[in-house]
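Trainee: What follows is a structure written as structure tokens; I'll ask about it next.
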Amino acid sequence: MITELGHFALILALVLACVQSTVPLVGAHRRWSGWMAVGDTAAGLQFLMISLSFAALTYAFVVSDFSLRLVALNSHSAKPMLYKVTGVWGNHEGSMLLWVLIVALFGACAAWFGTNLPPGLRARVLAVQGMIGVAFLAFIVFTSNPFLRLAVPPLDGQDLNPLLQDPGLAFHPPFLYIGYVGLSMTFSFAVAALIEGRVDAAWGRWVRPYTLAAWVFLTIGIAMGSWWAYYELGWGGFWFWDPVENASFMPWLIAAALLHSAIVVEKRESLKSWTILLAIIAFGFSMIGAFITRSGVLTSVHAFANDPERGMFLLGITAMFMMGGLTMFAARAGAMQARGVFALSSRESMLVANNVLLGVSAFVVFVGTIWPLVAELFFDRKLSVGAPFFNMAFTPFMVVLGALLPVGAMMPWKRGQMGRTLRVLAPALLFGLAVVGLAWAVQSGRSLLGPVGLGLGAWLVVGSAIDLWSRTGARGDLGSRLGRLGRLPRADWGKATAHAGLGVTMAGVAGLLAWEAEDIRVLNTGESFTLAGHTITLEAVRQTEGPNYVTTIADMRLTKNGETIGVMRPEKRFYPVAEMPTTEAAIHNGFLRDMYVVIGDPQDDGGWAVRTYYKPLANWIWGGAILMSLGGFLSLSDRRYRVAAGARKVPGGVPAE
């Protein structure tokens with residue numbers, strides 16, 4: 001009965017989405033306030049109906065209702081409760097239901113908290129968001145119904161993919177989807193502005209919180225997926241340039257560009273057409289990600305489905321919204337004239353350079369991702385584009401971006417003097433060069449990657465700190481300046497924290513790639529070996545059982561300079577229901593390095609295959625992502641983001657930018 005109610009609620013949500021996509025749009029055109037108000041009600045009710053549908057599906061997974069086809073295919077009675085719940089979105093149908101739930105949530109938020117928006121703009125935004133809901137709800141109802149029953153229910157289910165039975169990946173999709181779908185709101189704002197034919201500073205203030213929220217959650221989702229790949233897959237890497245990984249990374253890059261260009265719209269009323277175009281493209285890349293993971297056109301370990309029919313439906317949705325948005329952009333872009341003018345040496349110019357670098361970086365990733373498909377379709381050749389291409393083509397743009405960020409953050413609006421800004425940043429530059437020299441002196445190899453990456457990270461971190469300190473003014477004693485520092489707007493703190501986080505991540509990536517060490521050998525019980533100054537001893541290998549798996553665990557003692565610093569326990573699990581093995585790496589974390597051990601298969605001579613990595617600065621990669629996310633949340637908590645209002649006067653005369 002609950003399942004049928006969930007199915008009915010889903011169909012009712014589709015009807016409400018149709019109402020939301022038409023009535024307020026007509027009302028805004030006719031200036032009928034009553035019709036425009038229908039959008040608010042429909043958005044709230046649509047979210048309620050999809051929430052009920054999602055709750056019904058979750059209940060079926062929790063109670064192991066194997067009469068439901070989706071539960072039988074993706075759950076098992078012996079599975080831990082956490083993975084029964086996360087199994088709801090660990091499949092194609094459930095993940096799409098989560099997708100439309102978040103679409104409806106963002107639409108409801110625009111209705112609930114968008115009272116400061118002009119009624120016509122709010123009505124159009126809700127209508128466009130309703131159209132997105134109609135498209136994806138129709139996709140679920142007609143091609144991916146999660147509430148299909150089985151005529152003969154099995155005694156037990158087929159279990160969830162063991163690779164997905166992990167806390168990191170359990171919560172990775174919701175965060176990623178909030179980021180993906182958050183960009184639907186920027187698309188809705190862009191199309192609504194195109195319909196009205198007006199983009200101004202107020203529009204820039206309204207769109208920035210949604211863009212920032214999407215970017216923050218994308219950052220968290222990507223970082224969680226990277227961390228999962230690092231410790232769960234057993235290959236020791238943090239990024240494989242897999243098509244699905246790239247599908248989440250491209251919207252992140254475009255969202256970062258959109259976030260910075262929206263600042264120019266808000267502050268200077270420039271880059272209007274470019275910002276609208278970025279908003280359309282950002283959501284387009286999000287839908288391309290949904291297409292890649294569900295169509296089977298590109299092979300990936302992360303893919304949800306391999307169904308060309310459903311892939312064509314998604315491709316049609318993507319084409320419809322992209323062609324519609326770009327057609328409107330072509331028709332209206334000429335009407336969005338920029339008001340502000342600026343010199344070549346200005347913050348506006350630096351933000352334009354920021355956008356160019358991020359846009360070209362996203363294009364490089366897109367070409368590398370889609371080229372194997374193009375080569376097969378048009379040249380009948382099977383190609384594989386891997387890390388060497390991306391590292392060579394993508395890295396230079398990120399290096400230049402990192403070098404420009406502190407300068408751009410401190411340049412004055414409209415016109416400024418580059419020399420004056422560089423003089424203020426001289427301590428950061430000197431510190432970065434000192435770090436490069438120190439890293440070059442102590443490293444054993446001749447690669448510039450590690451020293452340059454560390455120096456660039458130091459430049460970003462110290463440059464962000466100098467940027468904050470410069471905002472306290474040039475006058476006053478240390479105590480008064482510290483007081484003004486604490487009263488700076490949270491958006492300033494957020495920007496500095498996010499930029500510093502990018503520096504930490506860059507340093508971590510460079511250090512790991514430049515100085516990583518690997519050891520592969522067969523080890524018998526009681527034998528030891530040394531890697532990067534650490535001694536590892538295989539003390540015992542034992543077998544035990546988990547809730548729904550059997551596992552082989554190795555006890556490996558880690559010592560340095562004769563002292564034990566930890567016991568590492570890598571596992572090799574086997575899930576009988578899914579008939580699938582998984583690797584659970586043992587990682588001894590440290591601030592400056594990780595020791596990473598994987599146990600392999602038993603050998604004929606009684607030994608065990610052991611793979612060990614020394615990974616310098618590995619945790620800096622995810623530590624930087626945490627700082628970037630924290631910076632985003634700090635900015636979102638700023639009053640100007642909460643109410644989309646102008647800057648508030650700050651005690652002490654410090655201007656809020």
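Trainee: With +1 assigned to the C-beta of every Lys and Arg and -1 to the C-beta of every Asp and Glu, and no other charges, what is the dipole magnitude of the stretch 1-160 about the Cα centre in debye, to the nearest 20?
Mentor: So the dipole magnitude of the stretch 1-160 works out to roughly 500 debye.
Trainee: Another one. With each label point set 7 Å from Cα along the Cα-Cβ vector, what nm distance links ASN589 and ALA331?
Mentor: The modelled label-to-label distance comes out at 5.3 nm.
Trainee: Follow-up question, since we're still on this one. Take each of the peptides 237-245, 262-270, 506-514, average the number of other beta-carbon atoms within 10 Å over its residues, and list them starting from the highest.
Mentor: The densest-packed peptide leads the list: 506-514, 262-270, 237-245.
Trainee: How would the stretch 342-443 be classified by its alpha-carbon gyration tensor: rounded, prolate or oblate, with rounded meaning a/c under 1.5 and the a/b versus b/c comparison settling the rest?
Mentor: It comes out oblate by the Cα gyration axes.
Trainee: Expressed as a whole number of Å, what is the distance separating the alpha-carbon centroids of the stretch 530-561 and the stretch 389-454?
Mentor: Going from one Cα centre to the other spans 41 Å.
Trainee: Something else about it: When the helices in the chain are scored as -39500 (n - 2.57) per DSSP H run of 4 or longer and the sum is shared across all residues, what 222 nm value do you end up with, to the nearest 500 deg cm²/dmol?
Mentor: -22000 deg cm²/dmol
Trainee: Can you find, among LEU277, MET410, LEU12, the residue farthest towards the positive end of the dipole of the chain? Put +1 on the C-beta of Lys and Arg, -1 on that of Asp and Glu.
Mentor: Highest projection toward the positive end goes to MET410.
Trainee: By how many nm would the segment from THR544 to PHE8 lengthen if fully extended, with 0.36 nm per residue of separation less the alpha-carbon distance?
Mentor: 188.4 nm
Trainee: For a Förster distance of 51 Å, can you work out the FRET efficiency between the beta-carbons of VAL62 and ALA387, rounded to the nearest 0.05?
Mentor: For VAL62 and ALA387, the calculated efficiency is 0.80.
Trainee: Quick check: pseudo-label points 7 Å beyond the Cα along Cα→Cβ at ALA441 and ASP200, how many nm apart are they?
Mentor: 5.9
Trainee: Please state the charge dipole magnitude for the chain, taken about the Cα centre, from unit charges on C-beta atoms (+1 on K and R, -1 on D and E), reported in debye and rounded to the nearest 20.
Mentor: 3380
Trainee: Let me ask you something else. Looking at this model, which pairs from LYS414/LYS495; LYS272/LYS495; LYS495/LYS560; LYS382/LYS615 are more than 29 angstrom apart at the alpha-carbon?
Mentor: Distance filter (> 29 Å) returns LYS495/LYS560; LYS382/LYS615.
Trainee: Now for a separate question. Which of the aspartates and glutamates could a cross-linker span from LYS267 if the Cα-Cα distance has to be under 18 Å and same-chain partners fewer than 8 positions apart are dropped?
Mentor: In chain and number order, the partners are ASP200, GLU348, ASP492, ASP638, GLU657.
Trainee: Moving on. So for the stretch 162-424, averaging the separation of alpha carbon pairs under 8 Å that are six or more residues apart and normalising by length, what relative contact order in percent results?
Mentor: 20
Trainee: What spacing in nm lies between the two simple spin-label points modelled at LEU485 and VAL400, each 7 Å away from Cα in the Cβ direction?
Mentor: Each label point lies 7 Å from its Cα, and together they span 3.4 nm.
Trainee: Next question. For ILE565, which sequence-distant residues (separation of 5 or more, or a different chain) have an amide H within less than 5 Å of its own amide H, given hydrogens modelled in the peptide plane?
Mentor: Amide H to amide H, under 5 Å and 5 or more residues apart or across chains, ILE565 pairs with LEU558, THR559, LYS560.
Trainee: Further question on the same structure: Which whole-number percentage describes the relative contact order of the chain, with Cα contacts under 8 Å and a sequence gap of 6 or more?
Mentor: 11
Trainee: Now a separate question. Treating only the Cβ atoms of Lys and Arg (+1) and Asp and Glu (-1) as charged, compute the dipole magnitude of the stretch 162-424 about its Cα centre; round to the nearest 20 debye.
Mentor: Using Cβ point charges on Lys, Arg, Asp and Glu, the stretch 162-424 gives about 1220 debye.
Trainee: Can you tell me the order of 214-223, 522-531 when each peptide is scored by its average per-residue count of other Cβ atoms within 10 angstrom, highest first?
Mentor: By packing density, highest mean first, the sequence is 214-223, 522-531.
Trainee: Another question, then. Amide H to amide H, which residues 5 or more places from GLY600 or on other chains are under 5 Å from it, using H placed in the peptide plane?
Mentor: Close amide H contacts, sequence-distant or interchain: ALA609, VAL610, ARG611.
Trainee: Please give the net charge around PRO576, taking every other residue with its beta carbon less than 11 angstrom from that of PRO576, where Lys and Arg add +1 and Asp and Glu add -1.
Mentor: -2
Trainee: Does the stretch 517-618 come out rounded, prolate or oblate, given a ≥ b ≥ c as the square roots of the eigenvalues of its C-alpha gyration tensor, rounded meaning a/c under 1.5 and, failing that, prolate meaning a/b above b/c?
Mentor: Prolate.
Trainee: Which FRET efficiency value, to the nearest 0.05, do you get for MET580 and MET312 by plugging their Cβ-Cβ distance into 1/(1 + (r/R0)^6) with R0 = 35 Å?
Mentor: Computed FRET efficiency for MET580 and MET312 comes out at 0.70.
Trainee: Compare the Cα positions of GLY526, PHE394, LEU383 along the charge dipole of the chain (+1 at Cβ of Lys, Arg; -1 at Cβ of Asp, Glu; about the Cα centre) and return the one farthest towards the positive end.
Mentor: My answer, from the dipole projection, is PHE394.
Trainee: Counting other beta carbons within 10 Å of each residue's own, what order do PHE389, PHE397 fall into, fewest first?
Mentor: PHE389, PHE397
Trainee: Another question, then. Among residues other than GLY237 whose Cβ falls under 15 Å from its Cβ, what is the net charge (Lys/Arg +1, Asp/Glu -1)?
Mentor: Every neighbour counted, the sum reads -4.
Trainee: Suppose a student asked you for the relative contact order of the stretch 1-160, using Cα pairs under 8 Å spaced at least 6 residues apart; what percent would you report?
Mentor: 37
Trainee: Determine the shape class of the stretch 1-160: with a ≥ b ≥ c the square roots of the Cα gyration tensor eigenvalues, call it rounded for a/c under 1.5, and otherwise prolate if a/b is greater than b/c, oblate otherwise.
Mentor: prolate
Trainee: To continue, here is another question. Between LEU233 and ALA55, what length in nm is gained on full extension when 0.36 nm per residue of separation is reduced by their alpha carbon distance?
Mentor: Full extension from LEU233 to ALA55 adds 61.0 nm.
Trainee: Once amide H atoms are placed 1.01 Å from N in the peptide plane, what residues at a sequence separation of 5 or more from SER637, or on another chain, have their amide H within under 5 Å of its amide H?
Mentor: Those qualifying (amide H under 5 Å, at least 5 residues apart or on another chain) number zero.
Trainee: If we count other beta carbons within 10 Å of each Cβ, what is the order of TRP620, TRP493, TRP89, fewest first?
Mentor: By the 10 Å Cβ count, ascending, the order reads TRP493, TRP620, TRP89.
Trainee: Show me, for the stretch 413-418, the HN-Hα J-couplings you get by feeding each phi into the Karplus relation (A = 6.51, B = -1.76, C = 1.60, θ = phi - 60°), rounded to Hz, glycine and proline as x.
Mentor: Values per residue, Gly and Pro as x: 6, 6, 7, x, 10, 4 Hz.
Trainee: Grab the Cα-Cα distance for ASP604 and PHE113, subtract it from 0.36 nm times how many residues apart they are, and report the gain in nm with one decimal.
Mentor: That pair, ASP604 and PHE113, stretches by 170.1 nm at full extension.
Trainee: Rank-order 190-200, 112-122, 59-69 by packing density, defined as the average count of other C-beta atoms within 10 Å over each peptide's residues, highest first.
Mentor: 190-200, 59-69, 112-122
Trainee: Moving on. Given MET36, ALA56, TRP99, which one lies farthest toward the positive end of the charge dipole of the stretch 1-100, if we put +1 on the Cβ of every Lys and Arg and -1 on the Cβ of every Asp and Glu?
Mentor: MET36
Values quoted throughout were computed directly from the atomic coordinates according to the rules given, and no laboratory measurement underlies them. Note that the structure is a prediction, hence the values are computed from the model and not measured. With ideal geometry, Cβ positions are generated from the backbone for all residues, glycine too; neighbour counts draw on all protein chains shown.
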